[in-house]
Amino acid sequence: MQGVSALFKIIAAIKRVKRDAWKRRGHWHVPESESVADHSFGGALSLGLVLYTLKIPGIDLFKVVLMFLIHDLIEDKVTDINIYKERNLKKRARLIRKKKRLERERIEQTRIELGPVMGELVYQLWLEYDAGTTPEAKLAKEFDKLEVLMQALAYCEEGNTVNIWEFWGNVWPRIHTPEIREWIRTEICPRILAVGLTPPPEGFPT
């Protein structure tokens, strides 16, 4: 049980950290936006249930869900840094480097805080997710983007002012699972068209 008290402190913290994506532009308005923990829950639940349904060969379901649940634990200390707020590409590159450095420092600290068993598990899963090369990491990253798109769509359908096209361009190219792409094309794209503030970008599936 070593590290459990530290784990619950981290969980309590990420429940309070608001996702920075919904503050990306000054003209957006999401009065009660989600927390980091909300995003982790939504992504992990959808990932687990969808993968269980699809039964993709060779995928460790427990591992990929746990990987998703821990991938944002570092944001208890490293506040959700939204690199897309920076429009200047050189400044954005510097921000990316800063974000990577702070995240690596925090996961090292988390590894120590959670103890040799739990801490090592979290550390290794986080590194695997960050590298994004294994089948589980690729799927976790895919659902990380998908969950954001679906949350943006939900906010739009609730009447909030969010430019969903800015999310679409960052999500669609990163969805590779054929069944998910077809589901988005047939079921989600019509909903997106209904709430888009401007005409869809070139290449939008119809």
Inset, instruction - Within the stretch 62-81, count every residue that is part of a loop (DSSP other than H, G, I, E, B), surrounded by 15 or more Cβ atoms within 10 Å (Cβ to Cβ) and out of contact with any Lys or Arg (no Cβ under 6 Å at 6 or more places or on another chain). - result: 2
Legend entry - Of all residues making up the stretch 87-129, the number that are more than 21 Å from the chain's Cα centre (by Cα), among the β-branched types (Val, Ile, Thr) and farther than 18 Å from Leu66 by Cα: 1
Inset, instruction - Just name the residue that is farthest from Thr161 (Cα to Cα) out of those in the stretch 30-53 that are polar (S, T, N, Q) and at pLDDT 95 or above. - result: Thr53
Inset, instruction - Name, by its number, the condition in (1) at pLDDT 95 or above; (2) of a type outside the set (D, E, K, R); (3) part of a helix (DSSP H, G or I) that does not hold for Ile59. - result: (3)
Inset, instruction - Output the residue which, of all residues in the stretch 3-29 that are at pLDDT below 80 and open to solvent by 90 Å² or more (accessible area, probe 1.4 Å), is nearest to Tyr129 (Cα to Cα). - result: Lys23
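Listed here are the residues, each with its yes/no results for (1) among the acidic types (Asp, Glu); (2) over 11 Å from the mean Cα position of the chain (by Cα); (3) more than 18 Å from Glu103 (Cβ to Cβ).
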position	(1), (2), (3)
Tyr52	no, yes, yes
Val64	no, yes, yes
His71	no, no, no
Asp76	yes, yes, no
Inset, instruction - Collect the residues in the stretch 30-54 that are buried (at least 18 other Cβ atoms within 10 Å of the Cβ) and part of a helix (DSSP H, G or I), keeping them in residue-number order. - result: Val36, Ala37, His39, Ser40, Gly42, Gly43, Ala44, Leu47, Gly48, Leu51
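The values are calculated or read from the model by the stated rules, or taken from the named source; none is laboratory data. Note that the structure is a prediction, hence the values are computed from the model and not measured. Positions of Cβ are generated from backbone atoms using ideal geometry, with glycine treated the same way; all protein chains shown enter the neighbour counts. Quick note on the areas: whole protein, heavy atoms, side chains included, nothing else; ligands and nucleic acids left out. Shrake-Rupley method; radii C 1.70, N 1.55, O 1.52, S 1.80 Å.
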